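This report refers to the structure that appears directly beneath it.
The values are calculated or read from the model by the stated rules, or taken from the named source; none is laboratory data. Keep in mind that this is a model prediction, so the values were computed, not measured. In this analysis, Cβ positions are derived from the backbone assuming ideal geometry, glycine residues included, and neighbour counts consider all displayed protein chains. Protein only, heavy atoms only, side chains kept; ligands, DNA and RNA dropped before computing areas. Shrake-Rupley method; radii C 1.70, N 1.55, O 1.52, S 1.80 Å.
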Amino acid sequence: MTFVPVIPEPYTHVLAEFESLDPLLSALRLDSSRLKCTSIAVSRKWLALGSSGGGLNLIQKDGWKHRLFLSHREGAISQVACCSHDDDYVAVATSQGLVVVWELNQERRGKPERIYVSSEHKGRKVTALCWDTAILRVFVGDHMGKVSAIKLNTSKQAKAPATFVMFPVQTITTVDSCVVQLDYMDGRLLISSLTRSFLCDTEREKFWKIGNKERDGEYGACFFPGRGSAGQQPLIYCARPGSRMWEVNFDGEVISTHQFKKLLSSPPLPVITLRSEPQYDHTVGSSQSLSFPKLLHLSEHCVLTWTERGIYIFIPQNVQVLLWSEVKDIQEVAVCKNELFCLHLSGKISHLSLLSVERCVERLLRRGLWNLAAHTCCLFQNSVIAGRGRKSLTVDKLEHMKSQLDLTTCSDLISQLEELILKFEPLDSDCSSRRSSISSHESFSILDSGIYRIISSRRGSQSDEDSCSLHSQTLSEDERLKEFASHQEEDQADQCCSSHGNEVTFETDKNETFLPFGIPLSFRSPSPLVSLQAVKESVSSFVRKTTEKIGTLHTSPDLKARQEPRGDDQLCEDDVSSVTCPKEEDTEEKEEVTSQPPEEDKFQELKIATAEAMTKLQDPLVLFEPKSLRMVLREWLSQLEKTFAMEDFSGISDTGNSSMTLNEDVVLFDESKNGILDEDNEKEKKDSLDNEETVAQKACESVNSQREPLDDFFRVCSPCSIANGLREDLAELTTLCLELNALNSEIKSTDGHVDNTLQQCSPEILACQFLKKYFFLLDLKRAKESIKLSYTNSPCVWDTFIEGLKEMASSNPTYMEMEEGDLPTRLKLVDDSVPFDSPLLIAYATRLYEKFGESALRSLIKFYPSISPSDVMQLCYHHPAQFLAYLDSLVKSRPEDQRASFLESLLQRESLRLDWLHLAVSHDAPPSTSTVDDEGNPRPHSHLFSWGYSQLILHLIKLPADFTTKEKMTDICRSRGFWPGYLTLCLELERRREAFANIVYLNDMSLMEGDNGWTPETVEEWKLLLHLVQNKSTKPVPQKSSNGNFSDGPTPINVENVALLLAKAMGPDRAWSVLQECGLTLELSERFTRICDILRIAEKRQRALIQSMLEKCDRFLWSQQA
């Protein structure tokens, strides 16, 4: 990766595109050359898209799911306007000049209805629509300069103030030229024409011309709201030639002229998009003298405009250019808060957001787009360092982001990030002084979890704040967490959380969970319960070691006095443990009394067995020999089962009382050993079970007694504290056991030899039991992939895995909040709260699917690739038709030219291609009896039938594959009667004779015509085709066409039609000789003779024309030489 250039100026904002609306346009059928989007509008609730076919699509912005379609027979939609103060009304202008006002009736859940149709501008082109901001009134302007108002009287409207518009429709004024833009605010209408701007007081019936100088061209104007709290009146900004703006007061008087020409000489800022990496060119251009066709108020202090080159955002009151970016071919822009919806000349739509640089990077991090986030940080590092972005983009976040980058491909980017991190300084300059003040009065130690444990020297003066009152701190943090959750992410600024008393002040990311301690933890912070558990473990370890040390000393009054604060600390421990695992109180008390931790005895043998197993795995003779590898894993598994037997942990609670979450319970590793001889894995599963010997009855009973209590619940919480190093090794070996199907352990019998315990149950049941017992040790990502690969046809194993994930996610507040709300609400909740790379995401998806069915399945497209098609295939294992709907929608969400390559990337296993093809031709397809006759041949015209997934089938067929796979695909298409795909495969496999035979059965001449037709290439193929047609049954059998009529079908294949095609391809004379050789001249009619004569005349004239052109060219060339 090349070095990322740094933008020199500290730009604070950027335009970002986080999602593509191409799938939406594709679903609405607005991406074709025949039908495309012509106008756009946006409100708080709706995105309105007008089409060239006269349809208006209203899509709910929350989830892009709920849709209304309003049809108009009056022509294409030229303008759309949504009512800003009532989302239930929308106005539409058609190409015929009619204005239709709709009431959507969403509150009453009724059907949308037209409440008024205005013909005031019929025969003219409506160029502007604008709603009143207080009452239900629409202003309309056309290309002749006429401006009218439509006043609506509905049951929802309150009594309106008296205005000069007394009738439902009345002309307000007629200006001197085309109306470019209309805007309305506080009783005043702003009209911008080709020559000047006008201000109209609709209550007092007064008009003003703004300024004295005219202009010539499309220049916009807009209101700029004032600050109500400061008593400021709204302002008006009018575009002027040469990149200028007039600033006008609310009475129409020009206050000043702002010049942006020189300011626009800076290079454009890149748009942050997922499609490509942002590029920046330092070259300073010349001053831009632009005309701004429209002005739109954006956010609080900004005005937006655009040209054919790009988008420009100004802060006019400060005469500043906030940014400008190159976005080509914009036809129209609609804005809502900080969102921009750009309609391009091609009919495509871009969804952009105006965000601060730090907010943009935060969004990229939440989506797991590490490369793009790092690229953006390096590009805007001046803004990140100098601005308030440091409050949210902490060093911990940057370090975590750097750790996610690939060293081989992103070395330059990593080096730039390291330089950026070095430039960061602590935001709070008092941190060091506060630490020094703490250390001067008190001693402290840093625990394993990073907590500062303060030991006060002021023995008799400790208050609740000074004595580590976890309970009071937790309550205060919970109150702040509730207050924080009530704010929306986009509308609120970054919040900072400060601690009290002796705690260290720090800044947190507003999307991170608030913790009851005032110290910065790692970037992706766990939930409070996990943090409390970490504190409990570290504090209890400290107390245990301290108690052990004190037990060896002689007691003294001084020592007794020093033990008092530790009693308070012990109360803190009890409070923490009561939050996480209530039943562990007795266990903790016992641990504190004993002089030696019991975990060391319990895990001593397991540590030895684990170390031996890890050492053996380093031996290539073991690692690359599946049988030896499974033997090592089974030996280790027997020790694991002994260690974690239930009788050793009788006081441990089940999952109902466990609230541990993912980050502390499960360690995720890279898939270093995930691909160990997968081919041998499948083959040796059965062999490993068949070759094992049965053990003594006593050993079986011992193992079974250990397993019986574990069948009813999951161990998603570690039954005791495990060191990090041991936990990593346990997770690696446990996951390998699942991947290699080494689930039945080896146990030593009484006589000392090793026997294999052959479980009297299927591998699926063994896998389910294994998942339940050791779920807390598994690498969840590798376990999921292993289950999909090894237990594809055993849904019980997948269901067990999902149940474990649900148990693990059940402690998350987001999981509880998903009980209520519709599908878009729950999807937004998951999108905002669950990281894209979290293994628990599939658990949330399963819950949505169980509640909403196929509609939820289609919405999972937005979570790709975190949720892959193989995940969805397991999710709806019993409903394959729903998986097809998801797969088809996923493929169609990509641009047309990328669908084939994208589908190929989804086919990780070659067998999936055949499985998906078989599914696609079996669902939403015509019955095979209507496409294939009793002899297995095509029925006439059966290739014209409609197939629900024809595009998906053709994509699968056209992907590159080996010869055997292509033959299998050909057999599938033939058996189901999908003849378009069958003929395509015959062409690839060079089975032309077979293809011609089936084309004759299909009886459609169009299959042999056109650029993609099956035209014979040699004389032998022509003779073969004529022979097949001649041998076809001459008995007339009427066949219905695709639309049900007998007479309107395609041109049939007979001797005369094939002979005409032959004459067009080879010429009449050669065609006649071929027909004579086949003995078919007697079957031709006079029509064939006439057409051949016409072809001869056309061929003769064509030769004469070519000869004439060649002679003229020859004369011209000779004249040039002379």
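Things worth noting here:
- Pick from the range 209-251, criterion under 23 Å from Tyr312 (Cα atoms) and aliphatic (A, V, I, L, M), ranking: surrounded by the fewest Cβ atoms within 10 Å (Cβ to Cβ): Leu235
- Every condition in (1) farther than 23 Å from Asp831 by Cα; (2) part of a helix (DSSP H, G or I) holds for Met401 except the one numbered (1).
- Answer residue from the range 842-876, given it is closer than 21 Å to Leu903 by Cβ and more than 16 Å from the chain's Cα centre (by Cα) and is surrounded by the fewest Cβ atoms within 10 Å (Cβ to Cβ) among those: Glu854
- Checklist (1) part of a loop (DSSP other than H, G, I, E, B); (2) under 22 Å from Ser84 (Cα atoms) applied to Gln181, failing item: (1)
- Filtered residues of the range 763-783 (kept if under 14 Å from Thr734 (Cβ atoms) and open to solvent by 20 Å² or more (accessible area, probe 1.4 Å)): Gln769, Lys772, Lys781
- The residues in the range 24-43 that are under 28 Å from Ser84 (Cβ atoms) and open to solvent by 40 Å² or more (accessible area, probe 1.4 Å) can be counted, and the count is 2.
- Whether a residue is in a helix (DSSP H, G or I), over 24 Å from Ser930 (Cβ atoms), hydrophobic (A, V, I, L, M, F, W, C) and open to solvent by less than 30 Å² (accessible area, probe 1.4 Å) was assessed, and Leu1026 passes this test.
- Selected residue (criterion: nearest to Leu1026 (Cα to Cα)) from residues of the range 1094-1114 that are under 60 Å from the mean Cα position of the chain (by Cα) and open to solvent by less than 80 Å² (accessible area, probe 1.4 Å): Leu1095
- Elements of the type strands (runs of 3 or more DSSP E) sitting completely within the range 241-305 and holding at least 2 residues that are among the hydroxyl-bearing types (Ser, Thr, Tyr): these cover 254-259.
- Close pairs from the range 805-827: first within 12 Å of Leu841 (Cβ to Cβ) and open to solvent by 30 Å² or more (accessible area, probe 1.4 Å), partner in a helix (DSSP H, G or I) and among the small types (Gly, Ala, Ser), Cβ under 8 Å, at least 6 apart: Asn812/Ser833
- Residues of the range 343-358 satisfying the condition of being touching a residue at least 40 places away in the same chain (Cβ under 8 Å) and either touching a strand residue (DSSP E or B) at 6+ places or on another chain (Cβ under 7 Å) or closer than 29 Å to Ser838 by Cβ (or both): Leu343, Gly347, Ile349, Ser350, His351, Leu352, Ser353, Leu354, Leu355, Ser356, Val357, Glu358
- The combined condition, being open to solvent by 50 Å² or more (accessible area, probe 1.4 Å) and among the charged types (D, E, K, R), is fulfilled by Lys111.
- Screening the range 812-871 for residues that are assigned to a loop (DSSP other than H, G, I, E, B) and among the hydroxyl-bearing types (Ser, Thr, Tyr) and picking the one that is farthest from Leu912 (Cα to Cα) gives Ser838.
- Any hit, the range 14-36, residues being within 30 Å of Val384 (Cβ to Cβ), of a type in the set (Phe, Trp, Tyr) and modelled with pLDDT of 85 or more: yes
- Residue in the range 1033-1049 that is modelled with pLDDT of 65 or more and either assigned to a helix (DSSP H, G or I) or open to solvent by less than 80 Å² (accessible area, probe 1.4 Å) (or both) present: no
- Tally of residues being within 19 Å of Gln1030 (Cα to Cα), in a helix (DSSP H, G or I) and hydroxyl-bearing (Ser, Thr, Tyr) across the range 1064-1093: 2
- Residue count for the range 49-70 under the criterion of being assigned to a strand (DSSP E or B), crowded, with 16+ Cβ neighbours inside 10 Å and without any contact (Cβ under 8 Å) to a residue 60 or more places away in the chain: the result is 9.
- In this structure, Val90 does not satisfy being closer than 14 Å to Glu120 by Cα and either open to solvent by 10 Å² or more (accessible area, probe 1.4 Å) or assigned to a strand (DSSP E or B) (or both).
- The range 884-911: number of residues that are open to solvent by less than 10 Å² (accessible area, probe 1.4 Å) and either touching a residue at least 40 places away in the same chain (Cβ under 8 Å) or under 15 Å from Ile957 (Cα atoms) (or both): 4
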